[in-house]
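Engineer: One structure, as structure tokens, below. Some questions next.
The values are calculated or read from the model by the stated rules, or taken from the named source; none is laboratory data. The shown structure was predicted, so the numbers you read here are calculated from the model rather than taken from an experiment. Backbone-built Cβ (ideal geometry, glycine too); neighbour counts: all protein chains shown. Side chains are part of the model used for accessible areas, which takes the heavy atoms of the whole protein and leaves out ligands, DNA and RNA. Shrake-Rupley method; radii C 1.70, N 1.55, O 1.52, S 1.80 Å.
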Amino acid sequence: MFLKERYESDELKVLKVLKTRLDLPEKENQYYLNLQKGFEGEVMFDGYLHQVGIQTIVLNDLLLEWSHSHFQIDSIMILQQLIKLFEVKNFEGEYYFDGDKLKKLNGTEIKNPLLQLERNVSLLRQLLNSIGIKIPIEPYLIFVNPDFTLYQAPLDSRIILPTNLNRFIEKINKRISALNQYHVRLSEKLLASHITKSPYSKVPHYDYSQLRKGVFCQTCGTGIAEYHSLILTCPKCGKPVNTKSALLRSIEEYQTLFPSEKLSTNTIYEWSGELISKRTIGQTLKENLIVSGYGQWSYYE
Ligand SMILES: [Zn+2]
């Protein structure tokens, strides 16, 4: 059972919107691509975890803290007798272990994920001990991408290669696991310890005036200039975009970047490049305000 699903982090959402509306510096752009790739890998791994049929509780994407150290856990699976802790890597290409160093085939050294895994286990163990929970933790480093090759793979039971993933899940399914209130409490305690605001955020500073206004193609990111009644067309890839969904996306993007700003017809009119009539914008804001009630869209005029 998935008790905590995985969503794109706020950081990833913000960077994704920023990417179409300003020229991200190379470093930030690379950071964004890594985040996106990592997220896709974790989603891929979730697909495997969904094939587990025995009683388990899965908590995804936990950000925890122990003695002033933050640690991020991709997935935790609670079983009857133990916790499985997963660190998921969506690496692609050819790698090898050189002693305790992980390197690309061209010799570039990568931060060894096994060390990160060890750190996570140690911090999680201490955190659990502090709340009176003693349960074995089994750590795994999951390489999820089918285009990942690891030469000289150490015979390390913690490393799961893409070609082992199905077998790995089958093995879990052969276990006997009956969960009770103890496990529910354990998961609740972990959820309560989860920190929602990441201290790692590397989102660059941005302000409204520097951002490109308009509606952007979902496929290629090009700004859309023409407006023919219900259909907008991307000038580059020719993909038609439904006006209504483009408008809704525009509003969401605005809220992603400026969560505390109030929404108004004029704001969104300008934000979406003056492409869509104020009447349509006003109607859309009104409809969605009624639908979503309090909270989500705080204001329109
Ligand atoms: Zn396009």
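Engineer: For a quick check of your reading of the filter: which trypsin sites (Lys or Arg not before Pro) in the range 87-163 sit in a DSSP loop and have no more than 10 other Cβ atoms within 10 Å?
Structural biologist: Qualifying residues, ordered by number: K111, K134.
Engineer: Same structure, new question: Using a Förster distance of 30 angstrom, determine the FRET efficiency expected from the C-beta separation of I110 and M1, and round it to 0.05. Mind showing how you got there, number by number?
Structural biologist: Details: r = 34 Å, r/R0 = 1.13.
Between I110 and M1 the formula returns 0.35.
Engineer: What FRET efficiency comes out for D98 versus L191 if R0 is 41 angstrom and r is the Cβ-Cβ distance? Round to the nearest 0.05.
Structural biologist: Efficiency computed from Cβ-Cβ geometry: 0.55.
Engineer: Continuing with this model, one more query. Pull up all non-local amide H partners of V241: gap of 5 or more, or a different chain, and H-to-H distance under 5 Å with H placed in the peptide plane.
Structural biologist: L232, T233, C234
Engineer: Once neighbouring chains are kept in place and the probe is 1.4 Å, which whole percent of the accessible area of the chain is contributed by carbon and sulfur?
Structural biologist: On the chain, the fraction of accessible area on carbon and sulfur atoms equals 51 percent.
Engineer: Still on this structure, please answer the following. Would you mind working out the accessible area per residue for the chain, using a 1.4 Å probe, and quoting it in Å²?
Structural biologist: Working: 16380 Å² over 301 residues.
Value for the chain: 54 Å² per residue.
Engineer: Okay, next question. Work out the charge dipole of the chain with +1 on the Cβ of Lys and Arg and -1 on the Cβ of Asp and Glu about the Cα centre, then indicate which of M44, P240, L59 is farthest towards its positive end.
Structural biologist: L59
Engineer: Another question, then. Holding the Cα-Cα limit at 31 Å, pick out from K103/K189; K27/K236; K89/K213; K101/K174; K89/K202; K89/K189 the pairs that are longer than that.
Structural biologist: Violating the 31 Å Cα-Cα cut-off are K103/K189; K89/K213; K101/K174.
Engineer: Hey, which aspartates and glutamates would be in cross-link range of K104, C-alpha to C-alpha under 13 Å, not counting anything within fewer than 8 residues on its own chain?
Structural biologist: By straight Cα distance, K104 reaches E92, E94.
Engineer: Can I ask one more? Between the range 98-120 and the range 43-91, what is the separation of their alpha carbon centroids in Å?
Structural biologist: Taking the Cα centre of the range 43-91 as reference, the centre of the range 98-120 is 21 Å away.
Engineer: Let me ask another. On the principal axes of its Cα set, how long, how wide and how thick is the range 2-193? Give whole Å, largest value first.
Structural biologist: If we take the Cα atoms of the range 2-193, the spans are 50, 40, 32 Å.
Engineer: Once both axes come from the Cα atoms, what is the angle between helix 278-292 and the longest principal axis of the chain, in degrees from 0 to 90, rounded to 10?
Structural biologist: 40 degrees
Engineer: Further, regarding this structure: Starting from the range 158-218, pick out the chymotrypsin sites (Phe, Trp or Tyr not before Pro) whose DSSP state is loop and whose Cβ has at most 13 other Cβ atoms within 10 Å.
Structural biologist: Details: sites: F168, Y182, Y200, Y206, Y208, F216; in loops: Y200, Y206.
Answer by residue number: Y200.
Engineer: Could you give each residue of the range 177-182 its phi-based ³J(HN,Hα) in whole Hz, using Karplus coefficients 6.51, -1.76, 1.60 with θ = phi - 60°, and x for Gly or Pro?
Structural biologist: Taking θ as phi minus 60°, the curve returns 9, 10, 9, 9, 4, 4 Hz for the range 177-182.
Engineer: C237 versus F168, label points 7 Å from Cα toward the beta carbon: distance in nm?
Structural biologist: In this crude spin-label approximation the distance works out to 3.1 nm.
Engineer: What net charge is computed for the residues neighbouring E109, neighbours being all others with C-beta under 10 Å from the C-beta of E109, Lys and Arg scored +1, Asp and Glu -1?
Structural biologist: +3
Engineer: In terms of modelled amide H atoms, which long-range or inter-chain residues lie less than 5 Å from the amide H of F2?
Structural biologist: V58
Engineer: So, one more: Taking the Cα centre of the chain as origin and charging only Cβ (+1 Lys, Arg; -1 Asp, Glu), how large is the dipole, in debye to the nearest 20? Numbers along the way, then the final one.
Structural biologist: On the way: 36 positive and 34 negative charges, 85 e Å.
It works out to roughly 420 debye.
Engineer: Continuing with the same structure: With +1 on the Cβ of every Lys and Arg and -1 on the Cβ of every Asp and Glu, and nothing else charged, how large is the dipole of the range 213-292 about its Cα centre, in debye rounded to the nearest 20?
Structural biologist: Using Cβ point charges on Lys, Arg, Asp and Glu, the range 213-292 gives about 140 debye.
Engineer: Express in Å², to the nearest 10, the accessible area of I224 obtained by rolling a 1.4 Å probe over the protein heavy atoms while all chains stay in place.
Structural biologist: 10 Å²
Engineer: Add -39500 (n - 2.57) for each DSSP H run of 4 or more in the chain, then divide by its residues: what number comes out at 222 nm, to the nearest 500 deg cm²/dmol?
Structural biologist: Taking each H run of at least 4 residues, the total per residue is -12000 deg cm²/dmol.
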